[in-house]
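Structure record follows, encoded as structure tokens.
Bear in mind these aren't lab numbers, they're just calculated from the coordinates by the rules spelled out. Keep in mind that what you see is a predicted model, and the values were worked out from it rather than measured. Positions of Cβ are generated from backbone atoms using ideal geometry, with glycine treated the same way; all protein chains shown enter the neighbour counts.
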Amino acid sequence: MNLQAEKLEIMKLILETENPGLLKSIKDLLWKEEKADFWETLPQSQKNEILEGIRDIENGDVVDYQEFMKKYR
């Protein structure tokens with residue numbers, strides 16, 4: 001099925017539904033797609049911390065979860 005046919009089928013299903021919860025879910029899903037990527041909303045300090053964490057993981061600088069939790073149990 002091509003993209004246009006998919007869209008038409010979805011529109012048909014939406015028009016036929018009487019379920020307000022389903023309609024809200026669809027609206028929320030489509031609204032989220034239009035919003036900016038959350039990354040763009042983060043302050044630079046948080047972006048830097050996330051990027052540092054990714055670099056640590058890539059460099060193997062990680063702590064095993066079970067070992068970490070032993071300290072706090």
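Would you please name the GluC sites (Glu not before Pro) within the range 4-73 that are DSSP coil residues with at most 11 other C-beta atoms within 10 Å of their C-beta?
Sparse-neighbourhood loop GluC sites (Glu not before Pro): E18.
For the chain, compute Rg over Rh where Rg is the Cα radius of gyration and Rh is the Kirkwood radius from the inverse mean 1/r over Cα pairs.
Computed over Cα atoms, the ratio is 1.27.
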